Structures are given as structure tokens and as C-alpha cells.
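The values are calculated or read from the model by the stated rules, or taken from the named source; none is laboratory data. Predicted, not measured: the structure shown is a model, and the values here were computed from it. Backbone-built Cβ (ideal geometry, glycine too); neighbour counts: all protein chains shown.
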Amino acid sequence: MDTPDFPFVVPLQGGSNFRDLGGHRTADGATVRRGAVFRSAHLGGLTDIDRAALGRLGVRTIVDLRGVAEAAETPHMIEGLACKVVGAHIEPGVGEKIRGAVADGSANPFLMMQFLTDHYRDYPRRCAPGFRTLFATLSDGTHRPLVFHCTAGKDRTGFAAALLLTLLGVPWDDVMADYLRTNELWVGHVGRYPELDLDTRAAIVEARTPYLEAAFAVVRDDFGTPEAFAEKALGLDAAARERLKAELLD
């Protein structure tokens, strides 16, 4: 797992946190196929060089997990690329809460962690339709290579990536390590929330273990297992999950 080309990060001039989910090892010794599924922050600042890089990857489909207005504010810069965009909109309700707390001076590290933890708990509950669209698109081999993203590639994207890797059989410690790599790779937070102290700001912009654990605790409490969640909330029955493994594992 520590080989120089894994995880494979695609360096972008006008974006960040773009990486291949391939290369992870499963508990039974298979390897997630490279070049099939990518995760990223938003693609609203791509340069000509960036677009050429996506073209070389052969990306066919971009699944956008951002809210409707959020996506409209920063449209994809993909002119000339032969790929389509699928909207799997998940509204970022937590952003409004954060902005309100910043405006009224109540923002502190503990409140921000509470906001983010509650937001993650919403993913398997309130946000299931957006993730259902993502996994339906992802499960159709004609749409791959595929990249999915939100704004930072941290929260909505982080949960979706963790769920996919879990369903493929990647051990939890490696799933969590992939989630936390956002803290090394995402640069979109630079300059944001300059009025906040470092600890409060960090609680907002960092991927943190308790956040992802909170989402999966709801998955287990409400559905029993990630597989049951995939079947009941996302429409991926056992046959669909096995087909996904056959297509995405080597």
C-alpha cells in the first residue's frame, strides 16, 4: 500500500484532492482496479492542462454530489471533454449553520464538530437519494471511468468513497486512511474562514475520524450492515454488489 504510485493522485493546476480509488487491497487479497473510479474536489477551476489529464484518464462520467445552487455557482470547466455530468444533488445544510455561527460569534471547535458530526449522521438518512444516484451510475459499467465529487471532496465524497471501498471488502483501517488523505491533498480551504481561530477553523475544514465513524454508526444502527444499507437505501441487492466486485476488483 505504500508503493510510490499508490494511492494514485492526479495533480491538477485548478483543482485538488483528485485521486484514483484503485490500488486498495481487500481483506481476501484482491485489489481495487485502477483507472475505473476516481474521487475529487470540485472541477470548477480546471485548466487546459487539467482537462488534458482527465482526457488521458478517459473519464466518461462526472457525478456531482453538490447541492443545486452550489453546483450552479461553480460549474464544471470541462469544455472539450467527451464526458457527461450526472447530478446526484445533496444539499449542504451544514454550511448555512456554520455561516450563521460565524456571523453571530458563537462558532467554536466543539460547536463546529457537533455540526459536522450531525451532518455525517444525515448521510445514510436524509441524503440517501443522492448516494443512490451515484451508486446506480457507478454500477453501470458504461459510465466508467467515472469521477465523483462534491466541493472539497471531503464530506459527501468521503462518505461515498468509504462506502464503496467497504462494499468492495477493503478493511476499515484502510478505508479510514483513504478518507483522512483529504487533509494532505485538499487545498481549497486555503484562505477560508480567516476570522476564526485555528482550532475552530480546523474543525470545519479537516476530515476527522469521528465524523466518518458517526455516519457508519447510523448505517449499522439503522440498517445492520453496510450491505443492508446498500440494498435497502441504495437499491444494490446482493447480485448487484457481486457484479460490482467482479467489475472493480482484480
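Here are the numbers for this structure:
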| read-out | value |
| --- | --- |
| Residue among R132, R121, R126, R144 that is charged (D, E, K, R), at pLDDT below 95 and in contact with a helix residue (DSSP H, G or I) (Cβ under 9 Å, 6 or more places away or on another chain) | R126 |
| In segment 48-101, the residues that are at pLDDT 95 or above and polar (S, T, N, Q) | T61 |
| Segment 143-171, residues that are among the polar types (S, T, N, Q) and surrounded by fewer than 21 Cβ atoms within 10 Å (Cβ to Cβ) | T166 |
| Residue, surrounded by the most Cβ atoms within 10 Å (Cβ to Cβ), within segment 28-53, restricted to residues that are polar (S, T, N, Q) and closer than 16 Å to I78 by Cα | S40 |
| Yes/no for T61 being under 23 Å from L138 (Cβ atoms), among the hydroxyl-bearing types (S, T, Y) and touching a Cys at 6+ places or on another chain (Cβ under 8 Å) | yes |
| Search result, residues across segment 54-70 that are surrounded by fewer than 22 Cβ atoms within 10 Å (Cβ to Cβ) and either outside any loop (DSSP other than H, G, I, E, B) or among the hydroxyl-bearing types (S, T, Y) (or both) | G55, R56, L57, T61, V68, A69, E70 |
| Matching entry among D250, D237, D174, D140 (being under 23 Å from A30 (Cα atoms), charged (D, E, K, R), touching a strand residue (DSSP E or B) at 6+ places or on another chain (Cβ under 8 Å) and surrounded by fewer than 14 Cβ atoms within 10 Å (Cβ to Cβ)) | D250 |
| Filtered residue count, segment 51-82, keeping only those that are within 19 Å of R34 (Cα to Cα) and touching a residue at least 24 places away in the same chain (Cβ under 8 Å) | 10 |
| Those residues of segment 187-200 which are at pLDDT 95 or above and either within 20 Å of the chain's Cα centre (by Cα) or buried (at least 18 other Cβ atoms within 10 Å of the Cβ) (or both), in sequence order | T200 |
| Complete set of residues in segment 187-238 that are part of a helix (DSSP H, G or I), of a type in the set (D, E) and touching a residue at least 60 places away in the same chain (Cβ under 8 Å) | D199, D222, E227 |
| Output for segment 30-40, where each listed residue is part of a loop (DSSP other than H, G, I, E, B) and either closer than 14 Å to L146 by Cα or at pLDDT below 95 (or both) | R33, R34, G35, A36 |
